[in-house]
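FYI, it's all coordinate maths here, none of it is from the lab. Nothing here was measured: the structure is a model prediction, and the numbers come from that model. In this analysis, Cβ positions are derived from the backbone assuming ideal geometry, glycine residues included, and neighbour counts consider all displayed protein chains.
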Amino acid sequence: MIDVQEKPRMVERAYLVRVRLREEAEAEAEDLLQELRELVTTLGIGIVGETVITVREWQARLLMGSGKADDVLEALEETEADCVVFDNDLTPAQQRNWEAYTKRTTIDRQEVILDIFGARAQTREAKLQVELARMEYNLPRLKKAWSHLGRQSGGGGGGGAAQKGEGEQQIELDRRMVRSKITALKRELTDVRATRATQRKERARVPLPHAAIVGYTNAGKSSLLHALTGSDIYVADKLFATLDTTTRRIDLPNGRPLLMTDTVGFVRNLPHRLVEAFKATLEEAILADFLLHVLDVTAPQVEAFHETTLKVLEELGADHKRILTVFNKIDLPGAEAARPALQRAHPDAVFISTHTGEGLDRLKDRMADQLADQVSHLRLQLPHARGDLVALLHAQGKVNHCDYGDEGVEIDATVPKRLEEQLTEWVVS
């Protein structure tokens, strides 16, 4: 079986192309090309040139007409690019056509993101998800890998019927093997997810409120989790710095403990198969009590990023959740100029810097407000024999004051409302 992850050769000099229809705004096309530039740079590939091609309608063979394709080829030769990267999704036939036309490696946005995901995955589940997405992407492209094997035909003993050549036979064999591998990966993923579901049930036995951090990749989600919890999670100024969910506990100002989970970042035009493949990491957003939507205040396309995240949340069925919008990086140049307009557009948002800590206390207060309807402030007089209840209060609430006297334990605590009935007989007015 061939290795469907293998590139034809290593590439070092990429030329980027975005093909847009005339009705697509030129500024949007430029923004998407800028995003592709960041994605390709994340892979460590140098960029030697780029262009936006405008067409009246899509052309089946090369997306564009032959004249514009000639212009791209000329640019590839002038820049000595060894790879052309399309921001558009290419069909397997279009990818083969461009490689034959340019004699250069041709990849599209989907393949770039797959490569990044493959480099970032850490847990077994994330690696399985990446491998599955890559297999599904490459299955219809196997023909390209065997294009060096010619077709043969002959009529000997076959009544004149065309016989399958060596390459065609190998393609069919590989396709069967890849389909079998896809089936095995899906089965293994089901087992891994079942294990994670069991772990979630164990966590639910001591139910704590839960918030999920969502947002555009590189907005500072992992940095926020690190700043709030002091955890030693991986933080880097890279797209898709981490693909694995990380959950940590924080104590809010109202005494309520809160579990916070970082999730994979979004990008515009995220390939649908990757949305599906990474639902396991994003489903934390579906299960959370509320969401922290983190945005980079200095990003020129911040409103587009905002809409991208909301759209993906809608696809996941999490758009009904309470969302606390958080604008990060207010310490960076340009933040002060961008802030007034964003405050008008998002009056309930919180502005912070995970780098300097500015705004984090206010954010914690706002997070506590999200759970205000789920907690109660109680004064209790517990018998000495009910040490189990004292332990319960420490584990699932916040004990503000605790005094051990002759007649029992006097406690002032903030507790989840679901514990009120269990504690009613010990409440003192």
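Relative to its Kirkwood radius, the Cα radius of gyration of segment 327-421 gives an Rg/Rh of 1.23.
Pairs Lys127/Lys364; Lys321/Lys417; Lys311/Lys417: which are spaced more than 23 Å apart, C-alpha to C-alpha? Over 23 Å Cα-Cα: Lys127/Lys364; Lys311/Lys417.
Each residue of segment 376-393 is assigned a 3J(HN,Hα), and the resulting list reads 9, 9, 10, 10, 10, 10, 9, x, 4, 6, 9, x, 5, 6, 4, 5, 4, 5 Hz, derived from the Karplus form 6.51 cos²θ - 1.76 cosθ + 1.60 (θ = phi - 60°), x at Gly and Pro. Sequence-ordered 3J(HN,Hα) estimates for segment 56-62 from the Karplus curve with 6.51, -1.76 and 1.60 and θ = phi - 60° stand at 6, 8, 5, 9, 4, 6, 10 Hz, glycine and proline given as x.
In this structure, the amide hydrogen of Asp296, modeled 1.01 Å from its nitrogen in the peptide plane, lies closer than 5 angstrom to those of Asn328, counting only residues at least 5 positions away or on a different chain. Computed 3J(HN,Hα) for segment 336-344, one whole-Hz value per residue from the Karplus formula 6.51 cos²θ - 1.76 cosθ + 1.60 where θ = phi - 60°, is 4, 6, 7, 5, x, 5, 5, 5, 5, glycine and proline marked x.
Hull volume per residue, based on the alpha-carbon atoms of segment 374-426 and their convex hull, is 63 Å³. Gap in Å between the Cα centre of segment 68-127 and the Cα centre of segment 323-376? Value for the Cα centre distance between the two parts: 39 Å. In terms of surrounding Cβ atoms within a 10 Å radius of their Cβ, Met260, Met177 rank from fewest to most as Met177, Met260. Per the Debye formula with a single identical scatterer at each Cα and no solvent contribution, what log10 I(q)/I(0) holds for segment 14-130 at q = 0.22, 0.23 Å⁻¹? So the normalised log intensities work out to -1.29, -1.38. Once backbone amide H atoms are built at 1.01 Å from N, Leu252 has Leu258 as its partners under 5 Å, excluding neighbours fewer than 5 places away on the same chain. In this structure, the amide hydrogen of Gln59, modeled 1.01 Å from its nitrogen in the peptide plane, lies closer than 5 angstrom to those of Met64, counting only residues at least 5 positions away or on a different chain.
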